[in-house]
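The values are calculated or read from the model by the stated rules, or taken from the named source; none is laboratory data. Note that the structure is a prediction, hence the values are computed from the model and not measured. Here the Cβ positions follow ideal geometry from the backbone for every residue, glycine too, while neighbour counts run over all protein chains shown. In case anyone asks, the SASA skips ligands and DNA or RNA and just uses the protein heavy atoms, side chains included. Shrake-Rupley method; radii C 1.70, N 1.55, O 1.52, S 1.80 Å.
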Amino acid sequence: MKVLVVGGGGREHAIIRKLKESPLAPQLYAAPGNGGISYDAQCVPIAATDVAGMADFAVREGIDYAVVAPDDPLVLGMVDALAARGIPAFGPDKAAAVIEGSKVFSKKLMQRYGIPTARCEVFDNAEAAEGYVRQNTAWPLVVKADGLALGKGVVICEDEAAALAAVREMMREGKFGASGSRVVMEEFLTGPEVSVLCFTDGKTIVPMVSSMDHKRALDGDKGLNTGGMGTVAPNPYYTAEIAAVCMKTIFGPTVDAMNAEGRTFKGCLYFGLMLTPDGPKVIEYNCRFGDPETQVVLPLLESDLLAVMQAVTSGTLAETDVKFSEKSAACVILASGGYPQHYEKGKPIAGLAKGQLPQGGATVYHAGTALAGDGALVTAGGRVLGVTAMADDLPAALAAAYKAADGIAFEGLHRRADIGQRALAAIHPV
């Protein structure tokens with residue numbers, strides 16, 4: 001069986017490593033993949049956003065099943081294009097992927113169907129947006145670009161000057177192109193954040209293990225926002241009681257709302273939640289696996305990922321076993337110095353053999369790596385590697401992940417030293 005995974009980051013590597021465990025023993029392709037992924041799949045130099053090129057390759061190569069992992073190709077309609085050529089794929093079609101592709105759509109969906117979220121206003125005119133900012137009295141205020149912006153289109157503004165600057169950059173200066181032509185102004189929610197990925201075939205919804213992301217670049221949740229500097233799973237704030245509330249008030253109603261809109265969602269639906277004093281509320285939806293949440297969630301999956309994905313596509317998720325381990329997992333991201341701003345590429349990576357640690361004890365997921373002309377592994381992105389370890393409890397998983405990360409080196413390597421500390425504080429309050 002030939003399986004194509006679209007994308008080339010740490011999330012895709014985690015998907016590929018889990019697919020390799022399938023009893024179906026699939027022959028794996030990655031497009032475009034990266035240096036580290038090349039040890040686990042055949043990499044094909046096609047951009048993840050090249051919808052026509054990807055569909056042509058899939059037909060030419062006789063691909064039996066595709067997994068479209070990143071947001072951009074999903075929003076562009078790659079699942080639709082593959083289906084039109086007779087190739088089944090995991091992921092929502094273009095109509096359903098709008099739940100992430102447009103924050104305005106997702107906010108209006110939640111408002112229409114009574115799904116708990118932050119209060120907000122939508123603006124497509126910079127002058128009106130600036131007028132709203134000047135009248136605002138509740139700070140911080142969250143300013144969000146409507147469309148996809150590589151995870152950087154959300155700005156938490158502490159005061160009027162910061163909010164006006166965010167509006168100017170998005171709406172007047174076009175920092176995010178068309179994605180910033182409309183903005184959402186949102187109340188700032190407080191409480192522990194939780195990420196919950198869910199498998200759904202549009203009828204059945206199966207939540208995965210919860211996780212906690214660490215977005216800021218520096219220890220103590222300081223510095224700039226990044227794509228994610230580390231994750232732990234499960235998230236200790238997400239209790240069985242809260243999970244039941246989320247299923248009743250958020251997960252089920254969202255799937256039902258999308259059906260009611262004629263946009264049936266099949267794939268991985270990501271819920272970014274805030275556990276507020278008023279109960280769980282949705283911060284954001286994603287139409288795909290999170291990155292780096294996937295790097296701690298999928299290692300805990302005990303069922304056959306390929307079988308689960310095929311059940312999602314065929315609409316038979318209700319009859320499919322989806323089981324997760326009771327263990328804990330932790331992922332520490334090793335980033336290039338200067339990330340998320342300017343950083344250099346091409347730095348040789350020491351400590352790995354065929355992309356993994358020779359001594360084992362952890363899995364290394366490659367986010368931004370490449371193979372140099374001499375076959376050496378070098379850095380090729382802001383987030384370079386994700387080092388993930390599993391153990392019976394979170395303290396042991398974190399210790400193992402950091403110990404494994406100590407065995408990897410490259411010039412300018414940057415990592416946070418406090419991944420999981422907020423989670424540990426929840427387990428063992430001071």
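Quick rundown of the values:
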item: Enumeration of residues in the range 359-371 that are modelled with pLDDT of 95 or more and farther than 17 Å from G8 by Cβ; result: A362, T363
item: Residue list for the range 383-401, filter: within 22 Å of the chain's Cα centre (by Cα) and either surrounded by fewer than 24 Cβ atoms within 10 Å (Cβ to Cβ) or not polar (S, T, N, Q) (or both); result: R383, V384, L385, G386, V387, A389, M390, L394, A397, L398, A401
item: Among residues of the range 392-412, those that are in contact with a helix residue (DSSP H, G or I) (Cβ under 9 Å, 6 or more places away or on another chain) and either modelled with pLDDT under 95 or farther than 10 Å from A362 by Cα (or both), counted; result: 4
item: Subset of the range 162-203 (residues that are open to solvent by 70 Å² or more (accessible area, probe 1.4 Å) and of a type in the set (A, V, I, L, M, F, W, C)); result: A178, F188
item: Spans of strands (runs of 3 or more DSSP E) in the range 278-382 with at least 2 residues surrounded by fewer than 22 Cβ atoms within 10 Å (Cβ to Cβ); result: 279-286, 369-371
item: Cβ pairs under 6 Å, 6+ apart, first in the range 5-25 and of a type in the set (S, T, Y), second open to solvent by 10 Å² or more (accessible area, probe 1.4 Å) and in a loop (DSSP other than H, G, I, E, B); result: S22/D304
item: Every pair of residues 6+ apart whose Cβ atoms lie under 6 Å, when the first sits in the range 214-230 and is under 17 Å from H342 (Cα atoms) and open to solvent by less than 70 Å² (accessible area, probe 1.4 Å) while the second is at pLDDT 90 or above and among the acidic types (D, E); result: G228/D213
item: Residues of the range 371-381 classified as in contact with a strand residue (DSSP E or B) (Cβ under 6 Å, 6 or more places away or on another chain) and touching a residue at least 40 places away in the same chain (Cβ under 8 Å), total; result: 3
item: Candidate set: the range 16-65, residues that are open to solvent by 20 Å² or more (accessible area, probe 1.4 Å) and of a type in the set (K, R); chosen: the one nearest to the chain's Cα centre (by Cα); result: R17
item: Complete set of residues in the range 86-132 that are part of a loop (DSSP other than H, G, I, E, B), under 21 Å from A52 (Cβ atoms) and open to solvent by 20 Å² or more (accessible area, probe 1.4 Å); result: G86, P88, D93
